[in-house]
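The block underneath contains the structure these notes are about, expressed in C-alpha cells.
The values are calculated or read from the model by the stated rules, or taken from the named source; none is laboratory data. Just so it is clear, the structure is predicted and the values come from calculations on it, not from any experiment. With ideal geometry, Cβ positions are generated from the backbone for all residues, glycine too; neighbour counts draw on all protein chains shown. Only protein heavy atoms, including side chains, enter the accessible area calculation; ligands, DNA and RNA are left aside. Shrake-Rupley method; radii C 1.70, N 1.55, O 1.52, S 1.80 Å.
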Amino acid sequence: MSTNMKTTAVIMAGGKGERFWPRSRSSFPKQFLSLTNDKNTMIQLTVDRISSLVEPKDIYISTNTNYVDIVKNQLPQIPAENILAEPIPKNTAPCIGFAASVINKKYDDAIMMVLPSDHLIRNTEIYLDTLNTAIEVATDGDNLVTIGITPTYPETGYGYIHFSKNGPENQRRGVYKVRRFVEKPHLDLAKEYLASGDYLWNSGQFVWKISTIRMNFERLIPNTFNGLLRIRDAYGTDDYNKVLCDSFQNFKSESIDYAIMEHADNIYTIPGNFGWDDVGSWLALERFNRADAHGNIIQGDVVSVDSKKNIICGNDRTIAVVGLEDIVIVQTDDAILVCSKDSVNDIKKVVNQLKVADRTDLL
C-alpha cells in the first residue's frame with residue numbers, strides 16, 4: 001500500500017478542565033488557557049507541534065457548540081468547516097466517529113491522528129518521529145496504533161496499556177503488539193505495572209486509517225456506526241444540523257477505549273519518551289515553568305516573604321504571601337483559590353459545591 005495517503009489530525013477540545021478552577025470555567029476551559037511562560041494556549045501549542053506533519057486544511061478540531069468562537073479566535077488558520085461542534089457531549093467514541101465520518105466524506109480514506117488538546121510535550125522532534133512511525137504502521141494494514149507513555153512512577157490516575165515485548169509482529173524497532181488495555185489501578189497494582197516494564201500509560205493518542213476505524217465501529221458498535229453513516233451522508237446538505245442533533249441524541253455515551261480499543265484486534269503501541277505531561281492539575285505548573293530561588297512558581301504581581309515551594313498565579317492585583325509553604329493560590333477577577341498542594345485533586349469538590357449552590361456565575 002502507498003504511503004502517500006493523506007494525513008489528517010483530529011484534536012479533541014471539548015473537556016471542561018474542572019481541576020483548573022478558578023481559571024478554567026465551563027465557558028472557557030483549560031485547553032484555551034495559557035499555562036506556560038511562552039503565552040501560547042494549550043490548543044495553540046498542540047496545533048503548532050504537528051504543523052510539519054499536517055496542513056491546516058487537514059486539521060479538525062472536535063469541540064462543542066459553546067467553544068466554536070473561541071477555537072476560531074485562537075486558531076484562525078483552521079478552516080471554519082473543520083471545527084466540528086458536537087451538539088451534546090457523548091464521550092470520545094461518538095466524538096472520534098463524527099470526525100472520521102466528515103473526513104471519510106471528504107477524502108474517502110486517509111490517515112487520522114487523534115490527539116488531545118491539553119497535553120504538553122517537551123521534545124517535539126522525538127514526538128514527531130513517534131507519530132511518523134505510527135503513521136507507517138497504520139498505513140501498512142488494518143492496524144490501530146496508540147501512543148503509550150513509558151511510566152516514570154506508579155500513577156493511579158491513568159489507564160495502562162499492557163504490551164508484548166516479544167513476538168514476530170514487532171518488525172519495526174519500538175512497535176509492540178498490545179495485549180490489553182487496563183483501567184486505572186490501585187497503588188500496589190500500579191507499582192507492579194511499573195516494575196514489570198510491560199505497561200505504558202494510556203495517553204489517549206491514536207493513529208489509524210479512516211477505513212480501519214470505521215470498520216471497527218461497524219463491527220463493535222453498529223448502532224453508533226449507523227448514526228455516523230447518517231451524519232456522513234447529510235454532511236454538506238441542508239439537513240446536516242438536524243441529522244447531527246438527532247444522531248447525537250441517540251448515541252450511547254462511551255469512550256473509544258471502552259467501545260473499541262478493549263475489543264479490537266491488530267492494536268499496536270509505540271512507547272513514547274518525548275516528555276509528555278497531561279497537565280492534570282495546578283501542580284503541573286511546577287513541571288514546565290521555572291521556579292524562583294525559593295522554589296516558588298510565580299505569575300503576576302506577587303510579593304513573597306519567607307515563603308517557599310508555592311504556586312501563585314495572580315492577575316492585576318498584588319498578592320502578598322508571608323511564611324507559606326506548599327500552597328497553591330490562584331486569583332481571577334471574581335474568585336481566589338487557596339489550597340494546599342496535597343489537596344489539588346479536591347478542587348473538583350469546590351466546583352461541585354458551586355453547582356449545588358447554583359453559582360453559575362462562578363462555573
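Assuming a ≥ b ≥ c are the square roots of the Cα gyration tensor eigenvalues, decide whether segment 195-322 counts as rounded (a/c under 1.5), prolate (otherwise, with a/b larger than b/c) or oblate.
Oblate, because a/c is 1.5 or more while a/b does not exceed b/c.
Report the FRET efficiency, 1/(1 + (r/R0)^6), for LYS57 and VAL322, where r is their Cβ-Cβ distance and R0 is 56 Å, rounded to 0.05.
About 0.55, to the nearest 0.05.
Quick one: work out the % antiparallel among DSSP beta bridges in segment 1-141, nearest 5.
5
Each label point is 7 Å from the Cα along the Cα-to-Cβ direction; what then is the distance between the points at SER255 and PHE28, in nm?
It works out to 3.0 nm between the two label points.
Roughly speaking, what % of Cα-Cα pairs in segment 324-363 are separated by over 17 Å, rounded to a whole number?
The share of Cα pairs beyond 17 Å in segment 324-363 comes to 35 percent.
Please list, in order along segment 229-241, the HN-Hα scalar couplings obtained from phi with the Karplus expression 6.51 cos²θ - 1.76 cosθ + 1.60 (θ = phi - 60°), rounded to whole Hz, x for Gly and Pro.
4, 5, 5, 4, 5, 7, 4, x, 10, 5, 7, 3, 5
Quote to one decimal, in nm, the extra length available between ASN273 and LEU128 on full extension: 0.36 nm per residue of separation minus the C-alpha distance between them.
Separation in residues times 0.36 nm, less the Cα-Cα distance, equals 51.1 nm.
Output ³J(HN,Hα) for segment 15-24: one whole-Hz value per residue in order, computed from phi by the Karplus curve 6.51 cos²θ - 1.76 cosθ + 1.60 with θ = phi - 60°, and x for Gly and Pro.
x, 9, x, 5, 6, 9, 4, x, 6, 7
Over segment 47-172, average the accessible area per residue using a 1.4 Å probe and give it in Å², no decimals.
Ligands and nucleic acids excluded, the result is 39 Å² per residue.
Towards the positive end of the charge dipole of the chain, with charges on Cβ (+1 Lys, Arg; -1 Asp, Glu), say which of VAL10, THR224, VAL207 has the farthest Cα.
THR224
Residue by residue, what Karplus-based ³J(HN,Hα) values in Hz, rounded to whole numbers, does segment 91-106 have, using 6.51, -1.76 and 1.60 with θ = phi - 60° and x for Gly and Pro?
For segment 91-106, the Karplus curve yields 6, 7, 5, x, 4, 6, x, 4, 4, 4, 5, 5, 5, 4, 5, 7 Hz.
Using alpha carbons only, how many degrees (0 to 90, rounded to 10) separate the axis of helix 210-220 from the longest principal axis of the chain?
90
Within the chain, what percent of beta bridges assigned by DSSP are antiparallel, to the nearest 5?
45
I'd like the trypsin sites (Lys or Arg not before Pro) in segment 83-189 restricted to DSSP loop residues with at most 16 other Cβ atoms within 10 Å, sorted by number.
Answer in residue order: ARG122, LYS165, ARG172, ARG173.
Considering only protein heavy atoms, what per residue accessible area in square angstrom results for segment 1-45 with a 1.4 angstrom probe?
For segment 1-45, the per-residue accessible area is 42 Å².
Out of these labelled values of volume of the Cα convex hull per residue in Å³, [x] 172; [y] 129; [z] 151, which was calculated from the coordinates shown here?
Evaluating volume of the Cα convex hull per residue in Å³ on these atoms matches [z].
Distance from a point 7 Å along Cα→Cβ of LYS348 to each backbone N in segment 66-98: keep the residues under 17 Å and list them by number.
90-92
How high is the FRET efficiency from SER196 to ASN266, r the C-beta distance, R0 25 Å, rounded to 0.05?
That gives a FRET efficiency of 0.60.
With angles folded into 0 to 90 degrees, how steeply does helix 124-139 sit against the dominant principal axis of the chain? Use alpha carbons for both and round to 10.
The angle comes out near 20 degrees.
Along the Cα-to-C-beta direction of LYS6, a point sits 7 Å from the Cα; which residues of segment 63-94 have their amide N less than 11 Å from that point?
none
Three principal axis extents, largest first, for the C-alpha atoms of segment 74-191, in Å?
Dimensions of segment 74-191 along the principal axes of its Cα atoms: 46, 33, 27 Å.
Compute the long axis of helix 347-356 from its Cα atoms, compare it with the longest principal axis of the Cα atoms of the chain, and write down the angle in degrees, 0 to 90, nearest 10.
Taking Cα atoms only, the helix is inclined about 90 degrees.
Give a quick list of GluC sites (Glu not before Pro) in segment 141-227 that DSSP marks as loop, anything other than H, G, I, E or B, with at most 14 other Cβ atoms within 10 Å.
Listed in order of number, the matching sites are GLU169, GLU183.
Whenever you get a sec, compute what percent of the accessible area on the chain sits on carbon and sulfur atoms (1.4 Å probe).
Here it works out to 47 percent.
Quick one: if you stick a label point 7 Å off each Cα along the C-beta vector at ASN223 and ASP246, how many nm between them?
1.7
Tell me the per residue accessible area of segment 182-227 using a 1.4 Å probe; a whole number in Å² is fine.
Result: 45 Å² per residue.
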